[in-house]
Amino acid sequence: MKKTISCLIILAAIIGIFGISVSAAPDSLAPDEIGNTKALITVTNPEGTTDLTFDNSYVISGYGEVGTVVTIYYFNADTGLYEKLYKTVTTVGEDGVVATQQQSVSCAIGESTLFFNTVNLEQGANSFMIYAEKDDMIQIGKFFIVKHNYNIIDVIRSWGAY
């Protein structure tokens, strides 16, 4: 019993420490939001401000300063705001109990200086905002990922997109 309580306390402390460090970004951002630096991260995928794909998901990646927290936002046309993306994480404990929780699509840049996050795409234009934060520095970037169908009309349209 004491081991169980000790494990729960340690687990709560670890979740609390890491949860605070990765969830400092606000829940939503205005479309005209700007940062105060451009020196925290470099996004390498997408290479520009727009990319096209036929896939259901897309990997946003790049590199940056160690300790920078990178969070991904998706534009919600109903609210007119970029809202923090969440993913559902499911775990199975040793006792067989299944637990699910929502985690923001974010990561802290480690010693490798690399970051990447996978986002799910809706059909058509998907507008994303990337929010990077370290200490009192904030960097914000926006880009569009266009998801096409596997039909001939979308294939022909994708040829003229660049």
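Quick notes on this structure:
- When each of the peptides 32-44, 69-81 is scored by the mean number of other C-beta atoms lying within 10 Å of its residues, the order from highest to lowest reads 69-81, 32-44.
- Accessible surface of the range 17-136, 1.4 Å probe, proportion on carbon and sulfur as whole %: 52 percent
- Filtered GluC sites (Glu not before Pro), the range 38-107: DSSP coil and at most 10 other beta carbons within 10 Å: Glu47, Glu94
- Close amide H contacts of Tyr86 (hydrogens built in the peptide plane, cut-off under 5 Å, sequence separation of 5 or more or a different chain): Val105.
- Approximate spin-label separation Cys107-Asp55, in nm, with each point projected 7 Å along Cα-to-Cβ: 1.3 nm
- Bridging of Lys142 to aspartates and glutamates at a Cα separation below 18 Å is possible for Asp27, Asp32, Glu33, Glu47, Asp51, Glu83, Glu122, Glu133, once same-chain residues fewer than 8 apart are set aside.
- Cα-based convex hull volume of the range 38-162 per residue, rounded to whole Å³: 154 Å³
The values are calculated or read from the model by the stated rules, or taken from the named source; none is laboratory data. If you're wondering where the values come from, they're calculated on a predicted model, not measured in any experiment. Glycine gets a Cβ as well: all are built from the backbone with ideal geometry, and neighbour counts include every protein chain shown. All accessible areas refer to the heavy atoms of the entire protein, side chains included, with ligands and DNA or RNA removed. Shrake-Rupley method; radii C 1.70, N 1.55, O 1.52, S 1.80 Å.
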